[in-house]
Amino acid sequence: MTVAATDARFARSFDSLPAIFGFTAAAFARAGIEPGLRQDVDFALEELFTNMVKYGAASKADVRIEISPVEGGVEVTLTDYDVEPFDVTRAPDADVGLPIEQRRPGGLGLHLIRRLLDSIEYEYSKEHRQSRITFRKTTATRPEAGGA
């Protein structure tokens, strides 16, 4: 039996985070996805969603999240509507080698999720002003120290 993807839309607000985590828990249970993956998935979702809220504030559209079981894990897609492009795969890594007082604020969350996830991809439709971020997390593959 194949379990279909589960999707929902969430208001562009930090207040949506508890509902997103509830959605993740329900999707994992429904699809029989390895529960041990959920902490990393929730962390990545929180980081990506909060960035969409912060940097896409001009949009009033909800953010769509889709969770699909894949062999050995999960694939998650966030779709953001009526926004300018921001390719999370091209954002510079945080320089964690610098002393804390010399570091520039920002970028640490993306730096961390690149290392937690197996893959992360970004697509943008200029015609529809739509961003799509898709990531995978599995138990079979562990990312290298350099990240995805």
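The values are calculated or read from the model by the stated rules, or taken from the named source; none is laboratory data. Everything numeric in this text was worked out from a predicted model, so none of it was measured. Note that each Cβ is placed from the backbone with ideal geometry, even for glycine, and that neighbours are counted across all protein chains shown.
Computed quantities for the displayed model
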item	result
Residue within the stretch 99-110 that is buried (at least 17 other Cβ atoms within 10 Å of the Cβ) and modelled with pLDDT under 90 present	yes
Any hit, the stretch 41-56, residues being more than 19 Å from Arg132 (Cβ to Cβ), modelled with pLDDT of 95 or more and not in a loop (DSSP other than H, G, I, E, B)	yes
Residue list for the stretch 47-73, filter: among the polar types (S, T, N, Q) and either surrounded by fewer than 16 Cβ atoms within 10 Å (Cβ to Cβ) or touching a Ser or Thr at 6+ places or on another chain (Cβ under 8 Å) (or both)	Thr50, Ser68
Filter result for Ala31 (modelled with pLDDT of 95 or more and small (Gly, Ala, Ser))	no
Scope the stretch 9-30; condition crowded, with 17+ Cβ neighbours inside 10 Å and not polar (S, T, N, Q); matching residues	Phe10, Arg12, Ile20, Phe23, Ala27, Phe28
Unmet criterion (only one of (1) surrounded by fewer than 16 Cβ atoms within 10 Å (Cβ to Cβ); (2) within 15 Å of Ile113 (Cβ to Cβ)) for Ala44	(1)
The stretch 10-35 residues that are closer than 23 Å to Gly56 by Cβ, paired with ones that are of a type in the set (S, T, N, Q) (beta carbon under 6 Å, 6 or more apart)	Phe10/Ser16
